[in-house]
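Here the structure is laid out as structure tokens; the discussion comes afterwards.
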Amino acid sequence: MIGIGVIGYGYWGPNLVRNFMAQPDCRVVMVSDLRPGRLAAVRRASPSVAVTQDYRELLRNPDIHGVAIATPVGSHAALAMEALAAGKHILVEKPLTDNSDDAKRLVDEAARRNLTLMVDHTFVYMGAVRKIHDLVSSGELGDLYYYDSTRVNLGLFQCDVNVFWDLAVHDLSIMDYILPEKPVRVAATGIRNVPGRPENLGYLTVFYDSPLIAHINVNWLSPVKLRQTLISGTRKMVVFDDLHPSEKIKIYDSGITMECGSDDAYAISIGYRTGDMLAPCYDRTEALARETGHFLECLRGQATPFTSGEMGLRIVRILEAANRSLEQGGSPVPLGDSI
């Protein structure tokens, strides 16, 4: 029986507790949170789970083998390092840390102690996203032209991170998983509409060595909630609508054809091809259920994390570069070989 402790019972913590409790051969031993009201909610929902305001009590508990950290991003590095020092495997809510130096230290420490470090990039475990990964890797879409995402809603305004770290991080994890190459530079623009708060609206452009580009529109100040991504290839195109109740993926057999005239290399004729639309089947298991199950597999030595600490580090480095681009008025910032 694997024992799990959860640090943080705010927005995401209850979902983690629920999914771990549903896993076979797993027991949620203890939940820690600073607010008594949240601990009272744990007692009501899960009377068998112990609670504490002191997370160190959780880390000292020998019945706990893995720790899920669901706290503000600024606290991730210190909590995760203490958990590793206590010999615990860890699952850290996205993003891994608020800077790449701390993320690199966590990756190195987990490797040194031979402990699992996994990042809670939940979208990678979604059946629809895994289906898109299969479409890309099989070549069904052809060579990719672009990844274009709109991820907007009204709230939740964050105090400690800007909208890129809160919302664009989801697309960066999806891109890291499904795209065949890593980015080389990024450019970001954004604005702060609320005094004393970070950027609440932004546009992130991600460049690659090949003729592939990604664009992400994120916004906490939208009258409607949209979660839509377009992925275009030379053969087919995909629309991924995360809010659609049943058909989250639609594959369009559409695109363009290009022909050069034999007597004039500059006379390119562009034709348009419109074919059928297919809404494919995909695994509809809750992403967090698959993710928590995968974390337990890693603890048992049966797998290595899909969303590893190394992946979390790559994404933090992109987000740091986006912040630098914001400071430079949107100028592209190279990512370097370390990405």
Checklist entry - Do you know the Lys pair count in the stretch 170-317 for C-alpha distances under 24 Å, with sequence separation 8 or more or different chains? => result 5
Checklist entry - With a 10 Å Cβ neighbour count serving as the proxy for reagent exposure, in which order, fewest first, do V28, V119, V186, V224 appear? => result V224, V28, V186, V119
Checklist outcome for this item: Note on the chain, DSSP bridge orientation, antiparallel percent to nearest 5 equals 60 percent
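If you take the square roots of the eigenvalues of the alpha-carbon gyration tensor of the stretch 219-262 and sort them as a ≥ b ≥ c, do you get rounded (a/c under 1.5), prolate (a/b over b/c) or oblate?
Judged from the Cα gyration tensor, the stretch 219-262 comes out oblate (a/c at least 1.5, b/c at or above a/b).
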Checklist entry - Is the chain best put as rounded, prolate or oblate by its Cα gyration tensor, with a ≥ b ≥ c the root eigenvalues, rounded for a/c under 1.5, and otherwise prolate when a/b is larger than b/c, oblate when not? => result prolate
Checklist outcome for this item: From fewest to most C-beta neighbours within 10 Å, the residues R60, R18 line up as R60, R18
Checklist entry - How big is the gap, in Å, between the Cα center of the stretch 5-33 and the Cα center of the stretch 58-96? => result 13 Å
Checklist outcome for this item: For the stretch 113-166, shape from the Cα gyration tensor axes a ≥ b ≥ c, cut at a/c of 1.5 then a/b versus b/c, turns out oblate
Next on the checklist: Ranking request for peptides 282-289, 311-318: highest mean number of other beta-carbon atoms within 10 Å first, then the rest in descending order.
Outcome noted: 311-318, 282-289
Checklist outcome for this item: Per the charge dipole of the stretch 34-145 (beta-carbon charges, Lys/Arg positive, Asp/Glu negative, Cα centre), the residue among V92, V42, S75 reaching farthest to the positive end is V42
Next on the checklist: Given an 8 Å cut-off on Cα distances and at least 6 residues of separation, report the relative contact order of the chain as a percent.
Outcome noted: 18 percent
Checklist outcome for this item: Going fewest to most other Cβ atoms within 10 Å around each Cβ, Y272, Y55 line up as Y272, Y55
Checklist entry - Where the Cα atoms of the stretch 187-324 are projected onto their three principal axes, how long is each span, largest first, in whole Å? => result 63, 44, 33
Checklist outcome for this item: Both in Å, the radius of gyration and Dmax of the C-alpha trace of the stretch 126-249 are 14.9, 47
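A short reminder: the numbers here are calculations on the coordinates, not readings from a lab. Please read all numbers here as calculations on a predicted model, not as lab measurements. Neighbour counts run over all protein chains shown; Cβ positions are idealised from the backbone, glycine included.
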